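Have a look at the structure below before the remarks.
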Amino acid sequence: NPYAGLVNHLRAAWLSGKTRPMEYRVAQLEALGRFLDEKKEDILEATASDMGKPSFEAYFTEILLCKNEINGTLNNLSHWMKDEHVDKNLVTQLDSAFIRKDPYGVVLIITPWNYPIHLFLVPLIGAIAAGNCVIVKPSEVAKNTERLVAEMLSCYLDNDCFAVVTAGVQETTRLLENKFDYIFYTGTSSVGRIVMTAAAKHLTPVTLELGGKNPCYVSDTCDVQNVARRVAWGRFFNAGQTCIAPDYVLCSVEMQEKLMPALREAITEFYGPNPQESPDFGRIVGDKHFRRVRALLCSGRVAIGGQTDEKERYIAPTVLADVLPSDPAMQEEIFGPILPIVVVANMDEAIDFINARPRPLAIYAFSCDSKVVNQVLERTSSGGFCGNDTLTHVTLTSLPFGGIGNSGLGKYHGRFTFDTFTHHRGCLHRNMGLEALNALRYPPYSQQKLGLLAATFEIKRKGMCTLL
């Protein structure tokens, strides 16, 4: 296997204990911070070249949010790494019971192209913080960013413990043949199944950050202008190439009529009368992706936008009205600047519509009535939820981010990333003496021993009393 030597090299480094001291982890995390600071312009140029990403969006998502992850981790790492002491029963009162935070070992992180710096750095930050050695496989689709990561990261991180592998589909398949101690994959559900199958051969645990069709319910009681701006921003940010973007709107026919002019106004406010000329609107990442997204324009009727330019890989911010559940745009995750509107009679029908489909990565609900928002939250299931806004829940490192069912497995961000790449090792350190206390468990057995043993090990329900 062409990658066996690299994996073995990193495993030897991990077994040496090099990555375990907190000082080592801090030094590597600080180096990642320098990478973001010193290569800021290179990052902005690479993401602009790959998908026309506006520098504002690139700085916010690829640099600022990553620096927040690094600084939050550095601020809390000593606390996260400490042994966590736990409750004991009567027998073990004089002993030490604790959870040790062990690294898994050599982990593999496979990242996508849509946020090519953010989605490799955030899991990498947690993997380093947890004390692992790491191989990162950036997406080959975002070629300029892949080259930047491959050439520059080795200048900042310890090459004995961290490596970047540039690979296409065939090479990644060979890479997955190796035994890793943890695999973290972000991408499509179809490839997620391949990754999970490969991991199963070695009984390797995985985190799968996948996509899905994220519904956005808009009730009849809401501020239409605010809804339009927040939904348009979430849908058309990064030209719609965001795994948590609102994928379609569910609303009444009356609300559809109110939303349409408000969405048109919001799009013009954001990108001007011709979004193709706007420096704040991105492009589709590749020709194949462009053709796939363009084919979805035949769904419903084009109410706003719809213009395309294959040479520029440009698809205008588009809203589709009167979309049917059977239309092409409702059969797959759109991952582009197209927003279908599906008409429902009321909230109950919207909830039934959501629950009849695979559980999404995010659900959005808009209403001036908090009871409506809470109803959608309580009666549905999704990876995450955001009421009266889109995307912003992902900016909080205090919230776990991850999917459920078809939208993924596992969670990360902030402390949750550290925990994902950490084996929580249950430990009990007993006293060598006081052997008389152990006599109850040794043969020969008796009813008296069993009664005393039950009394010392039993956990009683709180609020219950025992009559003596």
Between CYS298 and ALA4, what length in nm is gained on full extension when 0.36 nm per residue of separation is reduced by their alpha carbon distance? 101.1 nm
How large a share of the accessible area of the chain, in percent, is made up of carbon and sulfur atoms when the probe is 1.4 Å and the other protein chains stay in place? 55
Could you tell me the calculated FRET efficiency between GLU332 and ASP83, based on Cβ-Cβ distance and R0 = 35 angstrom, to the nearest 0.05? 0.15
Solvent-accessible heavy-atom area per residue, rounded to whole Å², over segment 45-121 at 1.4 Å: 40
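Counting only heavy atoms of protein chains, what accessible area per residue, in Å², does segment 183-271 have with a probe of 1.4 Å?
Working: 3170 Å² over 89 residues.
Heavy-atom accessible area per residue stands at 36 Å².
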Segment 297-414 - accessible surface per residue (Å², probe 1.4 Å): 42
Degrees between helix 447-457 axis and first principal axis of the chain (Cα, 0 to 90, nearest 10): 40
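Starting from 0.36 nm per residue, how many nanometres of slack lie between GLN276 and GLN170 once their C-alpha separation is accounted for? Mind dumping the intermediate values first?
On the way: separation 106, 0.36 × 106 = 38.16 nm, distance 3.60 nm.
Computed gain between GLN276 and GLN170 is 34.6 nm.
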Compute the angle between helix 370-379 and the longest alpha-carbon principal axis of the chain, please, reported from 0 to 90 degrees and rounded to the nearest 10. 60
Say the cut-off is 28 Å between C-alpha atoms; which of LYS67/LYS137; LYS137/LYS288; LYS18/LYS67; LYS18/LYS88; LYS39/LYS201 go over it? LYS18/LYS88; LYS39/LYS201
Starting at the first residue of segment 265-277, write each ³J(HN,Hα) from the Karplus equation 6.51 cos²θ - 1.76 cosθ + 1.60 with θ = phi - 60°, in whole Hz, x for Gly and Pro. 5, 5, 5, 5, 4, 6, 10, x, x, 10, x, 5, 8
Label-point gap, in nm, between ASN355 and GLN93 - each point 7 angstrom along Cα→Cβ: 5.0
Note on segment 373-468: the mean projected area of its alpha-carbon convex hull, in nm², is 12.9
Before rounding to the nearest 500, sum -39500 (n - 2.57) across all DSSP H runs of length at least 4 in the chain and divide by the residue total; then give [θ] at 222 nm in deg cm²/dmol. -11500 deg cm²/dmol
Compute, for GLU209, the solvent-accessible surface of its heavy atoms (probe 1.4 Å) with the complete set of protein chains present, and express it in square angstrom to the nearest 10. 10
The FRET efficiency for LYS201 and GLU310, from their Cβ-Cβ distance with R0 = 41 Å and rounded to 0.05, is 0.50
Label-reachable residues, segment 204-244, where backbone N falls under 14 Å from a point 7 Å from ASP369's Cα toward its Cβ: 218-223
Using a 7 Å offset from Cα along Cα-Cβ at PHE60, what residues in segment 368-394 end up with backbone N under 18 Å from the label point? 386-394
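Rounded to the nearest 5, what is the percent of antiparallel bridges among the DSSP beta bridges in the chain? Walk me through the numbers on the way to the answer.
Working: 18 of 50 bridges.
The antiparallel proportion sits near 35 percent.
The values are calculated or read from the model by the stated rules, or taken from the named source; none is laboratory data. From a predicted model like this one, the values you see are computed outputs, not experimental measurements. Glycine also receives a Cβ, built like all others from the backbone with ideal geometry; neighbour counts cover every protein chain displayed. Just the protein is used for accessible areas: all its heavy atoms, side chains included, with ligands, DNA and RNA removed. Shrake-Rupley method; radii C 1.70, N 1.55, O 1.52, S 1.80 Å.
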